[in-house]
Amino acid sequence: MTDGTGGTERLPGRERRRFPGISSRAYEHPTDRSALVSLRKLSGFDTVVKALSGLLPERSMRLLYLSDSVRVSDQQFAHLNAMLRDACYILDLEKVPPMYVTQDPKPNAMCVGMDEPVIVLTTGLVELLDEEEMRAVVGHEVGHALSGHAVYRTILLFLSDLAIKIAWIPLGSVAVRALVIALREWFRKSELSADRAGLLVGQDLQASMRGLMKLAGGNHLHEMNVDAFLAQAKEYEAGGDVRDSVLKIMNVLPRSHPFTTVRAAELKKWAESRDYQRIMDGHYPRRQEDREASIRDSFRESATHYSDSMRSSKDPLMGIVRDIAGGVGDVGGRLRDTFTGRGSGGGQGGSNGNTNGADGSGDSGPDTDGTGRPGGSDPS
């Protein structure tokens, strides 16, 4: 598996670098880190985590996978086992988590577990992806394990199911839904981090892009084009008016994953960044430095990211937010005219400066992918 140099691994036709002692902070998306910090500061959340750790059927879940799925090993799905060990070697994850393949035609993968992470791949995913695309997915899941995401993913799955079961209890249902919404918001950000980990393991951007395209459009690569796929992401971000912006928010709320085109665009942007190049050159934060990492710096970095994203965003709603921040007058009139279809000429009604924001709350309901189908087809 390795060339014995401790730096790169030789494969036919190319080399891949490994990252001894790498901290998950090296690849974590700024909003993932800050959202997780915010989640932990959510009133009562620590109490919930401690209570759930004793209630979650983790032992039952492990027995279920052991009894009704195929455990990856040298004897079963040996090529996946080699990828798993390889991913753990590259990201320097000392303990290799167990991995199972479960019968499910829907392409999916997840990393769950309170005490120890377990990686699960569906047969639909294994049959859909080629070797290099699957390598990126396995690296994605190992990235979740290294970042400690499995605990919160497990809680999210449990609470999503609980929200359905106690929907008839008004106050209890509202409290659980609030936690589910907060967890989903964080988990969508964590997916961007794990996509980066997958790229660090596979070190093949085109394979990562192909995998995301296949999740969106199936195994028809001869009918798809990466550039056209990324153009969809640009059109999605900039297209429509404020009404479309609100619909985008409502569409993403019930999802555990960002939209596939958005993930592809975010990953490509990071792959072309100086941060990625520095990691590839061997300059990255080490795990031994994690205790010295500043929470304040994480928030500052996240705030800078949000600020930069807002300035560069072509989304119409973000344009109005920029106008509000800049003190542009009659924003209320512009919002009213947009939603009533009266054009830009009705500015007189905005003199009081008040605006009515769209209510972003929504029923958490089943864990859907935003299309009404249960679950998400994107790898966790």
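Is it true that some residue in segment 183-195 is at negative phi and either outside any helix (DSSP H, G or I) or surrounded by fewer than 18 Cβ atoms within 10 Å (Cβ to Cβ) (or both)? Yes: one or more hits.
Just one residue in the set 233, 228 is at pLDDT 90 or above and in a helix (DSSP H, G or I); that residue is 228. Say whether the condition of being surrounded by 24 or more Cβ atoms within 10 Å (Cβ to Cβ) and part of a strand (DSSP E or B) is met by at least one residue in segment 127-147. Looking for residues that are surrounded by 24 or more Cβ atoms within 10 Å (Cβ to Cβ) and part of a strand (DSSP E or B), one finds none in segment 127-147, hence no. Pairing residues of segment 96-107 that are assigned to a loop (DSSP other than H, G, I, E, B) with residues that are of a type in the set (Lys, Arg) and at pLDDT 95 or above, at Cβ distances under 9 Å and at least 6 apart in sequence or on separate chains, gives 96/85; 98/71; 107/214.
Take residue 124 and tell me if it is modelled with pLDDT of 95 or more, in a helix (DSSP H, G or I) and either out of contact with any helix residue (DSSP H, G or I) (no Cβ under 7 Å at 6 or more places or on another chain) or of a type in the set (Lys, Arg) (or both). Criteria met by residue 124.
Which of the residues spanning segment 118-135 are out of contact with any Lys or Arg (no Cβ under 9 Å at 6 or more places or on another chain), under 23 Å from residue 154 (Cβ atoms) and not hydroxyl-bearing (Ser, Thr, Tyr)?
The initial filter retains those residues of segment 118-135 that are out of contact with any Lys or Arg (no Cβ under 9 Å at 6 or more places or on another chain), namely 119-121, 123, 126-127, 131, 134-135.
Then keep just the ones that are under 23 Å from residue 154 (Cβ atoms); that gives 119-121, 123, 126.
Answer for segment 118-135, where residues must be out of contact with any Lys or Arg (no Cβ under 9 Å at 6 or more places or on another chain), under 23 Å from residue 154 (Cβ atoms) and not hydroxyl-bearing (Ser, Thr, Tyr): 119, 120, 121, 126.
When you check residue 36 against the structure, is it modelled with pLDDT of 90 or more, assigned to a helix (DSSP H, G or I) and within 30 Å of residue 289 (Cβ to Cβ), yes or no? No; evaluated as a whole, the condition is false for this residue.
Annotation note: Cβ proximity below 9 Å between a residue of segment 69-89 that is closer than 24 Å to residue 17 by Cα and without any contact (Cβ under 8 Å) to a residue 40 or more places away in the chain and a residue that is loosely packed, with under 15 Cβ neighbours inside 10 Å and not aromatic (Phe, Trp, Tyr) (sequence gap 6+ or interchain) occurs for 81/73; 81/74; 81/75. For segment 67-112, the set of residues classified as loosely packed, with under 14 Cβ neighbours inside 10 Å and not charged (D, E, K, R) consists of 67, 73, 75, 76, 78, 79, 103, 105, listed by residue number.
The values are calculated or read from the model by the stated rules, or taken from the named source; none is laboratory data. All figures in this text were calculated on a predicted structure; none of them were measured in a lab. Quick reminder, even Gly has a Cβ in these numbers, built from the backbone with ideal geometry, and neighbours come from all protein chains shown.
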